[in-house]
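See structure below.
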Amino acid sequence: MAGRSDLKHRLVTRFQRHLANPLNRRLPFQTLLETTGRTSGLPRQTPVGGRRVGESFWLVSEFGHKSQYVRNIQADPQVRVRIAGRWHHGTAHLLPDDDPVTRLRSLPRFNSAAVRAFGTDLLTIRVDLED
């Protein structure tokens, strides 16, 4: 079963990296998560789905600790999130004890359905917004 999971991860990430993410980054109101590359030190922007609740932004990573942006967060939790066209600084927290399937029920439906369908190792992330 792990072989199917790895194949699914490779196929989905290849599609996202080369087609979906470059297109989505150009959409003015697409939510983006900007991390600092753990090796390059350069800003890395990833289209994400999630929801702002008060002074926090919640999202679920579909590949958990295999996601490059999750690895970047582990190296440096200071991030920026573009919500409705406006950038916000914040600190990201990985929440392995949170139930990501339950969390997805409170997030935007279309993205949540895609995360459930394509994800292999769901992980909840909360970004505490500073501004």
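The values are calculated or read from the model by the stated rules, or taken from the named source; none is laboratory data. Predicted, not measured: the structure shown is a model, and the values here were computed from it. Note that we place each Cβ from the backbone using ideal geometry, even for glycine, and neighbour counts take in every protein chain shown. To get the accessible areas, we keep the full protein, side chains included, count just its heavy atoms, and leave off ligands, DNA and RNA. Shrake-Rupley method; radii C 1.70, N 1.55, O 1.52, S 1.80 Å.
For the stretch 59-114, with all protein chains present and a 1.4 Å probe, just round the carbon and sulfur fraction of the accessible area to a whole percent.
Of the solvent-accessible surface of the stretch 59-114, carbon and sulfur hold 52 percent.
Only four residue types carry charge here, +1 at the Cβ of Lys and Arg and -1 at the Cβ of Asp and Glu. Report the dipole size of the chain about the Cα centre in Debye, rounded to the nearest 20.
640
Probe of 1.4 angstrom, ligands and nucleic acids ignored: what's the accessible area per residue over the stretch 44-105, in square angstrom?
Per-residue accessible area for the stretch 44-105 comes out at 49 Å².
Please report Rg over Rh for the stretch 67-131, where both radii come from the alpha carbon positions and Rh follows the Kirkwood definition.
Rounded to two decimals, Rg/Rh equals 0.97.
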